[in-house]
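Visitor: Structure provided below as structure tokens; questions to follow.
The values are calculated or read from the model by the stated rules, or taken from the named source; none is laboratory data. The structure displayed is predicted, hence computed values, not measured ones. As a convention, Cβ positions derive from the backbone with ideal geometry for all residues, glycine included, and neighbour counts pool all protein chains shown. Heavy atoms of the whole protein, side chains included, go into the accessibility calculation; ligands, DNA and RNA do not. Shrake-Rupley method; radii C 1.70, N 1.55, O 1.52, S 1.80 Å.
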Amino acid sequence: MHHQDSLKVAAAQINCAFADLDANLEHHREYIDQARAEDVELLVFPELSLTGYGLGRQVMEVAIPREDPRLATLASACGDMQTVVGFVEEASPGEYYNALAIMQRGEIIAVHRKLNLPSYGGLEEGKWFTHGNELTHTDVRPGWSNTPLICADMWNPALVHAALLARPTLLCAPINSASGIVSEDFSNEQNWHVNVRFYAMTYGTPVIMVNRYGPEGDSHFWGGSCILGPRGEFLARAEDREMLITTTLSRKAIANARFELPTHRDADTPLIRELMAGYR
């Protein structure tokens with residue numbers, strides 16, 4: 001099978017209507033149509049993009065199973081473009097996940113459940129959601145694969161390492177980051193870019209980080225969405241508004257970066273496993 005050397009990718013930096021699935025589905029359709037018109041092959045929306053973030057007990061009201069016909073309708077609008085959408089998944093009565101629906105060829109090909117649920121500062125996801133326990137890996141096009149991690153997943157370095165051992169061609173990181181939500185002294189705006197640039201550069205892996213932009217209640221989501229190349233360089237950056245950002249990734253550039261800094265090759269998993277065996 002012939003591997004394509006380039007992949008056109010996009011991030012949809014949007015805001016969402018709080019707990020209003022129908023309005024958010026319509027908003028997603030607009031960006032899906034725009035991305036398809038621009039021949040995008042992978043489109044990523046923010047975390048919980050169909051529901052909004054600070055849901056509390058309303059998690060129950062906005063949760064839908066992965067078989068929900070509204071997701072199927074959205075998937076059919078995506079065509080061959082792989083699209084990553086944030087939603088609250090109902091797995092069984094009372095069991096809810098902060099999840100991503102990964103859509104392609106008119107169907108949901110995978111669901112990623114957030115692994116690391118933050119319960120610090122103004123964050124209390126551990127109270128409302130069940131945590132996932134599996135990594136997700138999907139093929140986008142011949143020679144291109146995608147691993148998604150949701151927001152706080154990216155702040156557990158061992159999780160990121162484990163996700164990248166499968167050598168995905170790229171990592172997508174849908175987030176919901178509001179100014180000052182962790183603490184007054186912790187700058188989300190600066191620290192998120194340190195985080196994603198470090199991983200992109202260390203693993204020679206492009207990262208699509210997509211945040212919301214705009215208000216929800218008393219919170220302000222600061223945007224800052226970006227697409228990074230395999231040396232941690234900015235290939236596209238969003239302005240302070242709702243917008244679609246796009247760029248074309250190069251498989252050859254990824255190969256060069258990984259050949260020069262062979263993090264995957266030298267990961268020494270047997271040694272790491274042995275060292276970690278002593279910790280509980």
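Visitor: Could you please let me know if R105 is open to solvent by 30 Å² or more (accessible area, probe 1.4 Å), among the basic types (K, R), within 30 Å of H2 (Cα to Cα) and touching a strand residue (DSSP E or B) at 6+ places or on another chain (Cβ under 7 Å)? I'd like the intermediate steps shown before the answer.
Guide: Details: open to solvent by 30 Å² or more (accessible area, probe 1.4 Å): yes; among the basic types (K, R): yes; within 30 Å of H2 (Cα to Cα): yes; touching a strand residue (DSSP E or B) at 6+ places or on another chain (Cβ under 7 Å): no.
No.
Visitor: Looking at the stretch 145-159, which of its residues are open to solvent by less than 10 Å² (accessible area, probe 1.4 Å) and in a loop (DSSP other than H, G, I, E, B)?
Guide: Passing the criteria: L149, I150.
Visitor: For T130, indicate whether it is polar (S, T, N, Q) and either assigned to a loop (DSSP other than H, G, I, E, B) or open to solvent by less than 20 Å² (accessible area, probe 1.4 Å) (or both).
Guide: yes
Visitor: Residue by residue through the stretch 156-191, note down the ones that are at pLDDT below 95 and within 14 Å of the chain's Cα centre (by Cα).
Guide: Within the stretch 156-191, N176, S177 meet the criteria.
Visitor: For the stretch 204-225, which positions are of a type outside the set (D, E, K, R) and over 17 Å from the mean Cα position of the chain (by Cα)?
Guide: Hits for the stretch 204-225 are G204, G214, P215, G217, S219, H220.
Visitor: Which of the residues spanning the stretch 1-44 are aliphatic (A, V, I, L, M), closer than 19 Å to D80 by Cβ and in contact with a Leu (Cβ under 7 Å, 6 or more places away or on another chain)?
Guide: Residues satisfying the conditions are L7, V9, A10, A12, I32, A35, L42.
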